[in-house]
Each structure stands twice: as C-alpha cells, then as structure tokens.
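Derivation of every value follows stated rules applied to the coordinates shown; laboratory data play no part. Since the structure is predicted, the reported quantities are computational estimates derived from the model, not experimental observations. Because the Cβ atoms are built from the backbone with ideal geometry, glycine has one as well, and the counts that use them run over all protein chains shown.
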Amino acid sequence: MLDGVPYGLPRSRDVAALAARHAGALGFLEWHDVDDSAARAVQAGRAVRAALVARALTDLAAGVQPDAHGLAALRADLPGAGVVRVRTDGSADKTDGHLSLGYLLGDRPYALNLPGAAGHEGLAEREAIRVALSHARALGFTGFHVQSDHKFHVRRYGEDLIHRGRRKSDSLERLDALVDDLGGAVTFEYVGTLDTDAPHRMALHARALWRLDGGVPLSRAQGVALRRVHFALKAGGSVLY
C-alpha cells in the first residue's frame with residue numbers, strides 16, 4: 001500500500017525497497033508506516049489481495065488456472081455477471097523487447113508484465129486480449145465486448161477479413177482457441193488509440209514497477225505513467241490516465 005493505493009507484484013526482490021523507490025519516483029520526500037493498528041490491518045489486507053491478484057493474473061497469462069486463493073481474490077476485486085466491456089493494449093520495450101500489457105474490465109484497470117517474454121507490439125496486443133478474456137471468463141461474465149486499437153485482431157475476429165489459416169503462430173492459436181470456445185459470447189470493435197489510453201498507461205506502469213523492483217532507471221514515458229496511474233487510482237472513479 002502506498003499513499004492509500006494498493007499495488008501487487010507476483011514476486012519481488014525486496015518489497016520494502018520497491019516501495020521506497022516507488023515513493024521516491026512519485027516525488028514523496030518522506031514516508032512512514034501507518035501508526036493505527038486497525039488501519040494497518042485494513043491496509044495489510046488490501047496489500048495481500050493485490051499480491052494475490054497479481055499472482056493470479058500471472059497464472060492466467062501462463063495458461064494456468066489460479067489456485068482457490070487467487071480466484072477468490074480476483075472475484076472479490078471484481079464480481080462478474082452479465083456482459084463486460086474489455087479494453088486492451090499491449091506494449092513492447094523498444095530497447096529489449098520486454099512485453100507488458102494493460103486492460104480494463106468495465107472501468108476496473110489491470111496490468112502485468114509477461115515474465116521472460118520478448119517480442120513486438122502485435123504480440124503484446126494479442127496477449128492483452130487473451131489474458132483479459134481469460135480473466136473476465138474466470139470472474140463469471142457471460143458476454144465480452146472487446147475494444148482494441150489493433151486492427152489485425154479486430155479484422156480477424158470481428159470482421160472475418162483475415163483467413164484463420166494464414167499467419168499462424170503459437171500465440172495466435174492460443175487466442176483462436178479461446179475466441180472459438182467463447183463463441184457468440186465475444187464481440188470485437190475497433191476503437192482509436194485515444195480510447196485505449198488507460199490500458200496503455202497501465203502496461204507502461206507494470207513495466208515501471210518491474211524496473212523499480214530491479215533498481216533500473218525509468219524512461220520518461222514510464223515515469224509519467226507511474227505518476228498518472230497513481231494519482232488516478234488515488235482519486236478513484238472513472239478517471240482518464
């Protein structure tokens with residue numbers, strides 16, 4: 001918990017050092033633990049749930065069903081019912097190809113790094129759609145409306161303009177199988193980049209936390225995402241990032 005906002009990573013080299021670096025990157029000059037024991041217990045509970053959610057999302061990204069604790073944390077964070085709007089975006093670091101992704105289920109933001117993965121923007125976009133849909137299905141939603149600024153996937157799934165037998169890869173086959181399994185419950189819509197700003201910021205934010213955990217300097221874009229996401233989450237509600 002930092003400044004009232006919960007953050008979670010599936011694993012950390014040193015979570016106390018990460019929190020200190022995170023606070024410094026946000027511009028805080030000093031910080032301290034919560035004094036009140038009741039408030040500290042509440043914050044500890046929120047921090048634990050954030051860690052469980054992060055671990056569960058990493059499991060989903062790896063194609064593994066989260067354990068009972070992870071599923072409970074996901075469902076407590078966002079109960080699922082009916083149709084959900086899914087906005088996705090992925091990001092590939094131009095220096096090392098490191099992939100991260102962000103997405104919104106309704107107005108609820110999520111993000112994660114893809115451990116050990118490297119590639120291009122298209123792969124990050126594809127994985128963002130797959131993980132977001134896997135997450136939404138695990139929550140119990142019965143309808144999924146995906147909004148993406150990546151034309152290839154919208155044309156493939158929403159407009160049937162790209163033949164399924166062409167341009168195959170392991171990542172495409174995984175997403176093909178998920179979309180086929182969901183059938184008519186999932187629809188796709190192309191939206192402009194401005195409509196996916198929040199998931200894009202979340203993807204950069206996830207990479208920023210990963211770099212802070214390793215003591216690696218942030219790029220300007222990652223530093224901006226770190227600050228904008230923090231203060232948007234602190235403000236609450238449907239805040240543009």
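Rounded to the nearest 0.05, what FRET efficiency do residue 48 and residue 176 have when you use their Cβ-Cβ distance and R0 = 45 Å?
After rounding, the FRET efficiency stands at 0.80.
Assigning unit charges at the beta carbon (Lys, Arg +1; Asp, Glu -1) and nothing else, what dipole magnitude in debye, to the nearest 20, does the chain show about its Cα centre?
Its charge dipole is roughly 240 debye.
Pop out the ³J(HN,Hα) list for segment 140-154 in order, Karplus 6.51 cos²θ - 1.76 cosθ + 1.60 with θ = phi - 60°, rounded to Hz; leave Gly and Pro as x.
x, 5, 10, x, 9, 10, 8, 10, 9, 9, 9, 5, 4, 6, 5
Using amide H atoms built 1.01 Å from N in the peptide plane, name the residues 5+ places from residue 188, or on other chains, whose amide H lies under 5 Å from its own.
Counting only residues 5 or more places away or on other chains, the set is 146.
Mind running the shape call on segment 1-141? Use the C-alpha gyration tensor, a ≥ b ≥ c as the square roots of the eigenvalues: rounded below 1.5 for a/c, prolate if a/b tops b/c, oblate otherwise.
The shape class here is oblate.
Could you run the Karplus curve 6.51 cos²θ - 1.76 cosθ + 1.60 with θ = phi - 60° over segment 99-113 and give me ³J(HN,Hα) per residue in whole Hz, x for Gly and Pro?
Values, residue by residue: 9, 9, 9, x, 7, 10, 9, x, 10, 8, x, 9, 7, 6, 8 Hz.
Kindly state, to the nearest 0.05, the FRET efficiency for residue 40 paired with residue 83, given R0 = 41 Å and r defined as their beta-carbon distance.
0.60
Quantify how much of the Cα-Cα distance distribution of the chain extends past 31 Å, in percent.
Counting every Cα pair in the chain, those more than 31 Å apart make up 21 percent.
Once you place label points 7 Å from the Cα toward the Cβ at residue 168 and residue 68, how far apart are they in nm?
4.0
Classify segment 176-231 as rounded, prolate or oblate, taking a ≥ b ≥ c as the square roots of the eigenvalues of its Cα gyration tensor: rounded when a/c is under 1.5, otherwise prolate if a/b is larger than b/c and oblate if not. List each step's numbers first, then the result.
Details: a/c = 3.85, a/b = 2.06, b/c = 1.87.
Verdict is prolate for segment 176-231.
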